[in-house]
Amino acid sequence: MNERIENEKQVRKFCRKYVFFASFTDDLVFLAIVDTLFLSIVKGLSASQIALLTPISSIISILLQPYLLKIIHKVGNTKSMRLGALSMLIASLLITFGNQFAVLVLGRAFREIAYVFLNMENICLKNNLNYVHKEDEYILIRNKVTLFYALITAVISVISGFLFNANGYLPMILNCILCFACFGLSFTMRDMTKYDIIGEQEIQKAKGKPSIIVYVAILSYTFFYTAVTIGQANSKLFIQYQLNDVLDTAATATYFSLIITLSRFVRIVSNALFDKMYRKLKDKINIALAAGLIMAFVLIIVGTGITENVVARISTMACGFFLILAVRDPFKIYIQDLILRVTKEEEQQAIFANLELAKKMGQTLIGFVVSSALLKFDMIWIIVRKFSDFADGT
């Protein structure tokens, strides 16, 4: 009895720390707000160079994938989580202080590598919850993470414009400090189960043909998350350029920060409602989320067709951008939970690594198309084509 109580106590401590750790390492939180401003104004990159950062860094991560998976198998979930936090810190430092395009690419590559390692934090959470027979709380806790992340980024978006106007490097310096704190926090967290480090023999025994559900989940995740990631980045860049056409740099930073702030509040509401929606719709939730994503691209396209009223044009495009943020987190949580429910513990490290690999491959392919198109075509044509490609894929 005492051992069970102690185990539950330790898992509760892990879950509390996990909410903070996973929220602050979900991305480079300050860069997520000011990325296009920082890269274009402070680092002087062109639109095509900014678009190229994602596919090039993704290719590096894809080529390293077999070696990263071997490291994960060797060191286990706990140490992989710590390696992910370290990689995120290195990424933040390189992007902040690097001035050459190659260094910025390397920084983005470390961020992509971090995502592979940090995916093991979700397996740590599921294993620990299973250990105390509270596996049904996975979606609840993961939703707390996305909700807290949305709150964090909402606060950051409120102050980021002022910080950026005071000093273009200040938001990223704060990001470096935050990454260092998360790296330290990772040493107080661990996978409490025997599945932290799985022996090579157990991994080989578990190898087999994944179920059709796993294949569908990975394919859906690839299409959906690629459209979300590329669409979010480029629609945000498009909105920034629309603002630049009518405002000076300081005003652009302020109004752009306001739009990002509003998008974060939309994300907060979406995450707050997701648990109730999931309990009601169950596996049908993926249909609702896909419909929301399609509507987001429709709004962005319609907004670009408004030529006489700048406020109406930017507002309509912003609504599409908000909707992309609203569907992003719920879909990710749903797919991760689905995979963890239908797979064995010995399979999960490889499947989660392959989930990240599939997303990177999709981002790389579409990212190169977008960056190439930016050299020749108007951005509206890119968004129309991207929407059409996604619609065909579903």
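The values are calculated or read from the model by the stated rules, or taken from the named source; none is laboratory data. A quick note: this is a predicted structure, and the numbers were derived from the prediction, not measured. Using ideal geometry, Cβ is built from the backbone for each residue, glycine included, and neighbour counts are taken over all protein chains shown. All accessible areas refer to the heavy atoms of the entire protein, side chains included, with ligands and DNA or RNA removed. Shrake-Rupley method; radii C 1.70, N 1.55, O 1.52, S 1.80 Å.
With a 1.4 Å probe and every protein chain left in place, work out the accessible area per residue of the chain in Å², rounded to a whole number. Kindly include the intermediate steps, with their values, before the conclusion.
Numbers: 17120 Å² over 394 residues.
Accessible area per residue: 43 Å².
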Nearest 10, in degrees from 0 to 90: the angle of helix 138-166 to the longest Cα principal axis of the chain is 40
From the Cα centre of the range 160-179 to that of the range 261-292, the distance in Å is 30
CD proxy, 222 nm, the chain: helix-only mean residue ellipticity via -39,500 (n - 2.57) per DSSP H run with n ≥ 4, per residue, nearest 500, stands at -29500 deg cm²/dmol
Under the 7 Å Cα-to-Cβ spin-label approximation, residue 158 and residue 140 lie apart by a distance in nanometres of 2.9
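Any of 280/332; 70/282; 74/344; 276/332; 43/70; 13/126 with alpha carbons more than 24 Å apart? Name them for me.
Values: 280/332 18 Å; 70/282 35 Å; 74/344 18 Å; 276/332 16 Å; 43/70 35 Å; 13/126 14 Å.
Pairs exceeding 24 Å: 70/282; 43/70.
Return the tail of the calculated pair distribution for the chain, meaning the percent of Cα-Cα pairs more than 39 Å apart.
14
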Ranked by GNM mean-square fluctuation in the chain (Cα springs under 10 Å), the top entry among 337, 196, 136 is 136
When the chain is treated as a Gaussian network with springs between alpha carbons less than 10 Å apart, the largest mean-square fluctuation among 318, 181, 291 is found at 291
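List the trypsin sites (Lys or Arg not before Pro) in the range 118-147 that DSSP assigns to loop (not H, G, I, E or B) and whose Cβ has at most 10 other Cβ atoms within 10 Å. Which are they?
Numbers: sites: 126, 134, 142, 144; in loops: 134.
Nothing satisfies the criteria.
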Here the range 281-291 yields Karplus 3J(HN,Hα) values (6.51, -1.76, 1.60; θ = phi - 60°; whole Hz; Gly and Pro given as x) of 9, 6, 6, 6, 4, 5, 5, 5, 5, 5, 5
Answer in debye to the nearest 20: the dipole magnitude of the range 34-171 about its Cα centre, from +1 Lys/Arg and -1 Asp/Glu charges placed on Cβ, is 300
Highest mean packing first, using Cβ neighbours within 10 angstrom, the peptides 79-90, 182-193 sort as 79-90, 182-193
Distance in nm between residue 298 and residue 3 label points, each 7 Å along Cα→Cβ, equals 5.8
Two pseudo-spin positions, 7 Å from Cα along C-beta at residue 97 and at residue 10, lie apart in nanometres by 3.8
Note to self: C-alpha centroids of the range 34-50 and the range 78-136 sit apart, in Å, by 23
